[in-house]
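What follows is a single structure, written as structure tokens, with notes after it.
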Amino acid sequence: MKCANLAVLLVFLQNAIALNAATTTLHNMVFFFPFPTIPLPTLVEYLTEPQATLNKPQFMTEPFANVTGSLNENGVCQCSVYLPDTTFPVQKVEMLEITAQVLSEKFEIELTKVSQYTKAIEIYEQKIRNLTIKVEHMESTTVSYTKLDFQLLKLEINEMERLVTQLKSTLVGSNVIVEQLYVEIRNLTLMVNDLESLDKTNILAIRREIVTLQNRLKECEKERNQTTPPPYFPPGSCGHGGIVNISQPYIVQLNWRGFSFKYGAWGRDYSLQTPEKDLYWVAPLNTEGRVLEYYRLHDSYDDLLLFKNARDKRITYGEGSGTAVYNNFMYYNIYNSRDMGKLDLNTNTLTVRKTLPNAAYGNRFSYAGVRWQDMDFAVDESGLWVIYSTEESTGNIVISKLNETTLDVLHTWKTRQYKPSVSNTFIICGVLYATRPLNTREEEIFYTYDTNTKQEGKINIIMDKMLETVQSINYNPSDHILYVYNNGYLVKYNLIFQPVLH
């Protein structure tokens, strides 16, 4: 409207300038003006007033104006129009014309923006409808959605929220449609967050846990595949911190007397003077699992594997599977007594027989699952030991250090571990280790007693086993191997020791 008024003004001003400072004789005509009959300055001010002023009903517009005239001698009507001498404001008119041009250009720009925003709003509305359909489908179905589904929804919503926020900042003033669009996007964001948090099947938590477990499994596989060898300790060395792990069982062979001879013991001779000496012995009990009558010797491991160059011996009689060989002598419990026997392997003669004071016998406190093992002889880096129980100890394990020459008891330690609750024991560097069955295929090294410090301890080292019952365990300090008699089979385990940190 303002631009139209300015155009009318310019036309009128051009006509007025042509008539300025002159008197015009008009013949037989009446003047019609679109404005009231008012002086020219007043008319200029009227046209240049703001739109609000123009809208005020200050005066009524006349369709034409009457002018008083006269007839001349020839009968011609004459009238005169007088223009005031006020100077016409040409500069103001030019400024108005420039302002009108600038306003016109701005109007075109804003009109283009509105068109663009209208198209953008239509696109966003369609996206919101699509997302709403997705969210409603997720709410109505029982299908479990992955974290990726929620993340994709969140990314789309965040993108729309960013664009609408940008749109709001470019608009001057408030726009109802944009504000409503922004609110709907915020509500959609809250709805998706609620859906993710209310996952009834906890599928996302389970998937995260699976990923964590998979990563841990990869780490375990990586550690297992590492070829770093265990630390080396010389034969007879105690420069370690005790057992930390044990190898898988290595099955050597079935005992030389056959499958029916399930009870017994076997091992490798250990000598402080000649730790590299190879003398392997196998001592199965008779089929009733009590009497030790026959044993066999091999001068090498290859002879043992091939059943070659064997030396079979007979004694009368030993009892139980607690036999041990140390420095070419065999130590065992003499049948139906609390006596200890020392047998010379070179001559197969009993050289020493000594009573073990207060020791229970006659299957009184044997190991769990193994009968007639009231005495269990053991060898470690320092020499010969015997493990047993007494009535005074109420069946708890008693450890005695023996003089291997005379079989005199040098020192005794009493533990608080009940002997019939363990399946077997062995000694390494003065530390007693006790085992117990977990199931038919696993044994656990669970208890320790350090004779050096008189301290008891609990550990958890799992031993896989070939068959259900472990009849005996003998440790050899020269190769750090456990020699296990398992239901008639000869089995070996390598030990891994903890390095001592200095």
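The values are calculated or read from the model by the stated rules, or taken from the named source; none is laboratory data. All figures in this text were calculated on a predicted structure; none of them were measured in a lab. With ideal geometry, Cβ positions are generated from the backbone for all residues, glycine too; neighbour counts draw on all protein chains shown. Areas reflect the complete protein model, heavy atoms only, side chains present, ligands, DNA and RNA absent. Shrake-Rupley method; radii C 1.70, N 1.55, O 1.52, S 1.80 Å.
What is the Cα convex hull volume of the range 248-309 when expressed per residue in Å³?
Numbers: hull volume 7.1 nm³, N = 62.
Here the figure is 115 Å³ per residue.
Extending 7 Å from the Cα toward the beta-carbon at both Lys222 and Lys92 defines two label points whose distance is 8.6 nm. Over all distinct Cα-Cα pairs of the range 365-452, the Kirkwood formula returns a hydrodynamic radius of 13.2 Å.
How big is Rg to Rh over the range 217-339, alpha-carbon atoms, Rh as the Kirkwood inverse-mean-distance radius?
Numbers: Rg = 18.2 Å, Rh = 17.1 Å.
Using only Cα positions, Rg/Rh for the range 217-339 is 1.06.
Each residue, Asn309 and Asp464, gets one label point 7 Å from its Cα in the Cβ direction; the gap between the two is 3.3 nm.
Modelled this way, with points 7 Å down the Cα-to-C-beta line, the labels at Glu108 and Asp299 are 11.8 nm from one another. In the calculated pair-distance distribution of the range 447-502, the portion above 13 angstrom amounts to 70 percent of the Cα-Cα pairs.
Compactness of the range 340-396, taken as the C-alpha radius of gyration over 2.2 N^0.38 Å, stands at 1.28. With a Förster radius of 35 Å applied to the beta-carbon distance between Thr453 and Ser247, the computed FRET efficiency rounds to 0.80. Residues Leu131, Leu96, ordered by accessible area of protein heavy atoms at a 1.4 angstrom probe radius and largest first, appear as Leu96, Leu131.
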